[in-house]
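Take a look at the structure below.
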Amino acid sequence: MADEMKKNNGFIPGVKPGKPTAEYIDTVMSRITLPGSFMLAIVAILPAFATIAGVDASFAQFYGGTSLLILVGVVLDTLQQIESYLLMRHYDGLMKSGRIMGRSFGAAIR
């Protein structure tokens, strides 16, 4: 990644190019992937814990594990597409506050 950044004239502010950049990227990736892998392991075994807690096994399998990850991914992708569509159409309410806002009552009358 450090070589690709160097080829494309990219840089990380506050980090020298070359070996320090590679070490910085390695450190950041290690800090991100370790907790992420633990979280994925918890999500993967969550249906087993739900079944032990008394939840119906078919319900726990349907809403647990990979289906939960897929559901979250689809929701995040949908929100990203809505945001990009509104930004492309120059929707002012989204750009001012960073949140999706409806039209105000006064704007609908005009």
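The values are calculated or read from the model by the stated rules, or taken from the named source; none is laboratory data. Only a predicted model underlies this, so the values are computations on that prediction, with no experimental measurement involved. Reconstructed Cβ throughout: ideal geometry from the backbone, glycine too, with neighbour counts over all protein chains shown. Heads up: the accessible areas ignore ligands, DNA and RNA and are worked out on the full protein's heavy atoms, side chains in. Shrake-Rupley method; radii C 1.70, N 1.55, O 1.52, S 1.80 Å.
Numbers below:
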quantity	calculated
Checklist (1) of a type outside the set (Ser, Thr, Tyr); (2) in a helix (DSSP H, G or I); (3) under 23 Å from the mean Cα position of the chain (by Cα) applied to residue 12, failing item	(2)
Residues of the range 1-31 that turn out to be hydrophobic (A, V, I, L, M, F, W, C), open to solvent by 60 Å² or more (accessible area, probe 1.4 Å) and without any contact (Cβ under 8 Å) to a residue 12 or more places away in the chain, as a count	2
Condition met for residue 106 (in a helix (DSSP H, G or I) and at pLDDT below 85)	yes
Count of the range 32-85 residues which are at pLDDT below 90, open to solvent by 100 Å² or more (accessible area, probe 1.4 Å) and either touching a Leu at 6+ places or on another chain (Cβ under 7 Å) or among the aromatic types (Phe, Trp, Tyr) (or both)	5
Enumeration of residues in the range 15-31 that are part of a helix (DSSP H, G or I) and among the small types (Gly, Ala, Ser)	22, 30
